[in-house]
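In what follows, a single structure is set out as structure tokens and then discussed.
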Amino acid sequence: MSDNITQAIFEVTVPLPELSKGEREYRAFLRLLPELLPTLRGKYAAIHEGRVIDTDVNDIVLVHRVHDRIGYVPIHVGLVTDRPMVVRIPHYREYGRGEEV
């Protein structure tokens with residue numbers, strides 16, 4: 001017979017890093033999106049402190065107007081739509097010797 005020795009099991013909890021203000025505003029936008037769709041579809045919504053503070057059809061105009069009003073602080077400006085967002089990832093191509101560019 002063999003004697004098995006069992007080690008005590010303990011739990012290690014690692015605290016999650018605190019989210020940045022920009023990430024919190026983005027998550028607030030995603031949370032609010034279903035409520036915004038019926039009235040703001042096709043417009044951009046500016047999120048600050050977890051709520052919509054302004055909307056516009058032009059995102060650049062909206063960003064400038066919001067920053068003029070509340071200062072240059074992190075906000076999230078997102079398009080109110082139910083279509084998935086297209087994400088473009090920049091990349092580069094390397095060419096070896098003798099290959100045409």
Helix-only [θ]222 nm of the chain, DSSP H runs n ≥ 4, -39500 (n - 2.57) each, per residue, nearest 500: -10500 deg cm²/dmol
Among Ile60, Ile89, Ile70, which one moves the most in a GNM of the chain with springs linking Cα atoms closer than 10 Å? Ile89
Dipole of region 21-79, positive direction: furthest Cα of Gly71, Val57, Leu36, with charges on the beta-carbon: Leu36
When the dipole is taken about the Cα centre of the chain, and only Lys, Arg (+1) and Asp, Glu (-1) are charged at their Cβ, what size is it in debye, to the nearest 20? 420 debye
Treating the angle as unsigned and between 0 and 90°, give the value, to the nearest 10°, between the Cα long axis of helix 21-40 and the longest Cα principal axis of the chain. 50 degrees
Cα→Cβ-extended label distance, 7 Å offset, between Val57 and Asp82, nm: 2.2 nm
Can you say what percent of the DSSP beta bridges in the chain, counting only those with both residues inside, are antiparallel? Round to 5. 100 percent
Using only Cα atoms, find the angle between the long axis of helix 59-70 and the longest principal axis of the chain, and express it within 0 to 90 degrees, rounded to the nearest 10. 80 degrees
Provide the FRET efficiency to the nearest 0.05 for the Val73-Arg41 pair, computing r from the beta carbons and using R0 = 22 Å. 0.25
If you plug each phi of region 11-16 into the Karplus form 6.51 cos²θ - 1.76 cosθ + 1.60 with θ = phi - 60°, what whole-Hz ³J(HN,Hα) values come out, in order, with x for Gly and Pro? 9, 10, 10, 9, x, 6
Which of (1) 16, 54, 27, 2, 0; (2) 13, 16, 15, 13, 10, 9, 8, 7, 6, 3, 0; (3) 12, 29, 19, 11, 14, 9, 5, 1 is the computed P(r) over Cα pairs in 10 Å bins from 0, in percent? It is (3)
Which loop trypsin sites (Lys or Arg not before Pro) in region 8-101, with loop taken from DSSP, have no more than 11 other Cβ atoms within 10 angstrom of their Cβ? Arg41, Arg88, Arg93, Arg97
Relative contact order for region 21-79: what is it in percent, counting Cα pairs under 8 Å that are at least 6 residues apart? 41 percent
Amide H of His76: which non-local residues (sequence gap of 5 or more, or other chain) have their own amide H closer than 5 Å, using H built in the peptide plane? Ile47
What number, in percent, do you get for the relative contact order of the chain if the mean sequence gap of Cα pairs under 8 Å and at least 6 apart is divided by its residue count? 26 percent
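Each reported figure results from applying straightforward, stated rules to the coordinates on display, with no laboratory input. The model shown is predicted, which means the values in this text are computed figures rather than measured ones. Backbone-built Cβ (ideal geometry, glycine too); neighbour counts: all protein chains shown.
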